[in-house]
Each structure stands twice: as C-alpha cells, then as structure tokens.
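Nothing in this text is a laboratory measurement; each read-out follows from the coordinates by a stated rule. Fair warning: this is a prediction, and the values are worked out from it, not measured in the lab. Note that we place each Cβ from the backbone using ideal geometry, even for glycine, and neighbour counts take in every protein chain shown.
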Amino acid sequence: MTQSSMASQIPLIDDGKRETFGAQPLQRLTFFAFLQRYPIFILAFGPPIFRSSAVDVTKGILDVWSFFQVGLLAAVTFRAIRRLAAPQVVFIPRQVRPIFGLAFTLGLLFLASSIYSPSRLTTVAYSILYFSMMICVLEFVVDVYRHPLDWIQCLFFFRSIGLLLVALAVLVFPFKPSLIVSYSEQIGMRIGGGLIAPFPLIFPIGAIISAYAFLYSLEPRGRSLFYFLLCLAGTLMTRARGGEISLLLPLVILGFGWSKTSKRSAYLFVSGIMASALLTSLTFATVGVGRIWSLFNKGESAEGIKSASGRTDMWHFVIQYCMAHPQGMGYVAGFREHFKQYYVLGMQLDPTHIGNAHNVLMQLLADAGWLALAVYLTMFVKIVFLAWRNTSRKGLASTTSNIGACHAIRCSLLLLICCFVGGLDAADFNVPMRQPFYWQNIIIAIILGASATLAPAMRQGARLRENSSVVNL
C-alpha cells in the first residue's frame, strides 16, 4: 500500500498513535496554489471595498460591496463545510477542543442576543457570519493536522497579502484619495487605507513578521530588513497611536525572547537598548520634549487625551447600561441603535455617526453582556497559554515541520498581541465583514493549526523521556 493511500485511510479519531506526521515532507506551494489549497487566507483580502458612502445594515441600507463580502465568506464557508462533511468522523485535535468550544459558545451568545436586539434580523445575520468564520477556522485546523503545511511559507504569504492590499491602495489613491486618506482638524491628514487596506493593522503585522524573520534567519536578511523598514515607515505615516503602540509592544517582547537564545544575542539586545536610549535622549535634547509630545499626540488637547478622544464617554455608557442589563444590547445592532439615543456632552462627533464602541472588550460587553466578555477573555487566555506551552516544551524532534510550527506559533502569538492591543482602540476585530476580524481569526487559526501538528511530536518526546528515565534506573 502506498503512502498516499495509507494517509487517506487514517481514521479521524484521537487514538494517541499519530507520531509520524512530524516527519512528513512539506510541500512548498506557489502563492496562488497556496490560496487555492487554503482559501481561508483569501478572506484576509477583506475583500477590498471601494466605498465612499456609509451603509447602515440596521436600516437595510446596503450596496453591492456588502453582497460581495457576504458572498466571498459564504463561498469559503461552503467549501469548508463540504470538506468537513466528507470523512465519516471529523477529528478535532484534543488540545484545541476547549478553544473551539468557547468560540462557538460565544457565537451562541451572539445569536441569543437577537431576542432583545433592537434589530433582530441584523443580529442574526452577523451571528451567522461569525459562525461561518469559525467553521473556516475549524476546517483549516482539521486539514493541516492531517496534512501539515510549510508554516514559514504561511507567514510570508500572510505578509504578502497585506502588501498586495497596500499596493492596491497606492494605485487607487490618484483616482480616489478620499478612500485612502482622511483629515481632521486636530490630527490633520492620516493615511489609513480605508476599507481597501487597513494600514494601522497591515503595517504593524508586516513589520513583526519581518523582524521575526530577520532575527531568526527565516529568509534573506536583506529582504527582511527591507520589508521591516517599509512597514515601519507605513506605520508612522498612518499617524495612528493605536497602530504605533501595537507595533512597539510585540517588538519589545520579540527582542526579549531573542536575547535569551544566546549570549551574543543578549549582548546585541542590551547594546541596542543602550544605543536607542542614547539616540532618544539626543533627539529630545535637539528637537524638544514639547514638539515630540505634540507629534506623538497629534496635537490633541489634554482633555482629549484624558477622554481618549471621547471614547471614555462611550465606554461609560456601555458599562452603565450593562450594569442594569447584564445580557447586553444585542450583537452589532444593539450599540448602534441605543447609542443614537444617548447624548454625550463634549463629544466632537455626532452620536448618530458612531457605529461601535471603539474597543473590542467594550463592544463584546455591549453585544452580549458580561458572560460574553468572560468567555472571550477565557478563550484568549487559553490560546496564549496553548501557544506558550507548545513552544516552551523540551524534547520536540528537530524536524523541519516541527521547527517551522514552533516559529509560526511564536510569531503568530506576537501578531495576536498586536491585534489585542489594536483592539483596545477599535472594535473591528469583533465585527464580521471587517478586515481586522478576518486577520485576527486567521492568526488564531495559524496558532491552533500549528499547535495541533506539534501534538504528535510532544507525545513522542514524552515517551522518549520516559524510556530514557527507565534505562537510567
């Protein structure tokens, strides 16, 4: 019996005997073949939306782009369902089952919130879209567990998707600059990318992947340095504090982790910190503290800083409402409708033009109450713990697939932290049909899929350690 026929007849049950997957040769794919093989990454494109006017789903105001978004997600979901329904038994790796349980529980809470939602049809529709994305993530994890992919290549393709969106935004800019650039009296011109390419998310993620690849020599260092500098410059051009902070924190964590790999790395890291501190001091002395602070703060007043540009008023409203209504307001539609009736003193924006809470945690609280917030935080902690546990264990076989999976988990964990920090400033990470929602869930899929492929190697390493201890006795 050939190897391919044996692989097709492997039972999809958790029998604890699948230690051979880590030694399987990895198939390198072209970019288009990769998207065809793993269509969940097609969703990272968004798809790009060339829309200048706002839509309001709660009032049934839609456009052709809305149907295009739903159609793309539906096509990928139908393929995932068909592939999941093909085998007699769908195997979900043991390590990731609790996480999927929490993810689908959260979806049920969203769906249940339609009972008291001011727009039940909108809440049900968005809940279905949420479930569709979770099905795509589930199918990806099941697939890569049976047929592991090249995880390093996966990270680079993920970065390439973001850069392709940036290139598309650059091509659109001369014809329709309002889709790419926004302007406010306080901040001035901001290059955000709009619905074509969310620059405050794409550039930090590209910079993190490039920095990780540079430090661990996953690709030619000249290429990594070029992409890192490009993404760093793009992050600064967005003039978004959320994007800058979401890039800085993972880079600091990456530097600390890399410094532990060897003495030379530790010396270089400490030297880099000292050089950065010296350069920062010289910059402050030359330019001036006031000008630098004004540049970072985008010229905002002290009152604006204190209220996080008016966001604290929205968060106060959400907490106050949910103290009286612990079940929340209704997924997506609740905040949009209830906040329109809430007068906010001193806000510079019309409350009727605010569609979300501008914070993923507050948005979850508003969507389905305290229970949904607790489920989300528990799921996030479990994902971080799973990634940390899998990459810190000793005794993994040093095969190409295992090394690539470890790198993918570590890098994706930094990307997830980037999304979490960015989510403190925006709620798009929890709202379907928004590009950050797809990007965050694809990052989670990479962590879960790579962790699942490491499971056989960890069991094999544990058995080897047990056998060696018996021999020593």
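General remarks:
- Arranged from fewest to most other beta-carbon atoms within 10 Å of their beta carbon, T105, T286 become T286, T105.
- Net charge of Cβ neighbours under 15 Å - reference S271; Lys, Arg +1; Asp, Glu -1: +2
- Around the amide H of D425, modelled in the peptide plane, lie the amide H atoms of V360, all under 5 Å away and 5 or more residues distant in sequence or on another chain.
- Cut-off under 5 Å, modelled amide H: who pairs with I196 long-range: I49
- Relative packing of peptides 239-251, 414-426 - highest average C-beta neighbours within 10 Å first: 414-426, 239-251
- Residues H316, H407, ranked from the fewest to the most other C-beta atoms within 10 Å, line up as H316, H407.
- Here the Karplus relation 6.51 cos²θ - 1.76 cosθ + 1.60, evaluated at θ = phi - 60°, turns the backbone of the range 247-257 into coupling constants of 8, 5, 4, x, 5, 5, 4, 4, x, 5, x Hz, with x for every Gly and Pro.
- In sequence order, the range 258-264 has phi-based couplings of 5, 5, 7, 6, 6, 5, 4 Hz under the Karplus curve 6.51 cos²θ - 1.76 cosθ + 1.60, θ = phi - 60°, and Gly or Pro positions carry x.
- C-alpha center-to-center spacing [the range 121-196, the range 416-432] in angstrom: 13
- Other residues with beta-carbon under 13 Å from the beta-carbon of V144 carry, at +1 per Lys or Arg and -1 per Asp or Glu, a net charge of 0.
- Listed residues F157, F269, F199: farthest to the positive end of the dipole of the range 143-271 (Cβ charges): F269
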